[in-house]
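Here's the structure, in structure tokens; my notes come after.
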Amino acid sequence: MKEWLLQIFTWWQGQTIGTRFYTWRKGQKVGEDDAGNQYYQNADGTKRWVIYNGPAEASMIAGGWHGWIHYRVDTPPSKEDYKPRAWQKPHQPNYTGTAKAYRPQGSLLTPSERPRVTDDYDAWTP
């Protein structure tokens, strides 16, 4: 029952019931990437969408599929011998808002003490 309610009311946990129905009726599976994301398009190719394997995180789209989903290329990576370029990095999750998020030196959330202010800064006093 909980899974059914989540499909109706939440879009960030995966596909909603509306997306599931639309995919069932009009979707043609084009392929799948290494992360398990599934890519679809309608019969005339005017709509393209992805069903994520897990939470909906746009950065999870693989580099080769990114061009196809954004209409940069017409041929999906599943129908060609796609190899990532040397400069393309593997996916890293988005850690924003988590304990693993990047915190630069001087950030209030950094566990270390903030460096002392140098002589070029004078705090304002009324």
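The numbers here are math on the coordinates, done by the rules we state, and not lab data. What you see is a predicted model, and the numbers here were worked out from it, not measured in a lab. As a convention, Cβ positions derive from the backbone with ideal geometry for all residues, glycine included, and neighbour counts pool all protein chains shown.
What the table shows:
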| item | result |
| --- | --- |
| Candidates Tyr22, Tyr52, Tyr40: whichever shows maximal mean-square fluctuation once the chain is modelled as a Gaussian network with Cα springs under 10 Å | Tyr22 |
| Pairwise label distance in nanometres, Ala43 with Ala58, each label 7 Å out on the Cα-Cβ vector | 3.1 |
| Förster radius 41 Å - calculated FRET efficiency between Ala35 and Thr125, Cβ distance, rounded to 0.05 | 0.15 |
| For the stretch 6-76: rounded, prolate or oblate by the Cα gyration tensor [a/c cutoff 1.5] | oblate |
| For the stretch 70-84, 3J(HN,Hα) per residue [Karplus equation, 6.51 cos²θ - 1.76 cosθ + 1.60, θ = phi - 60°, Hz, x = Gly/Pro] | 9, 6, 7, 10, 8, 9, x, x, 6, 9, 9, 8, 7, 10, x |
| Estimated dipole of the chain in Debye, rounded to 20 [Cβ of Lys and Arg +1, of Asp and Glu -1, Cα centre] | 480 |
| Whichever lysines have a C-alpha closer than 28 Å to that of Lys47, once near sequence neighbours (fewer than 8 apart) are set aside | Lys26, Lys29, Lys79, Lys83, Lys89 |
| C-alpha long axis of helix 17-26 to longest principal axis of the chain, angle in ° | 40 |
| Cα gyration tensor, the chain - rounded (a/c under 1.5), prolate or oblate | prolate |
| Under 5 Å, built H, 5+ apart or other chain: amide partners of Gly14 | Ala56 |
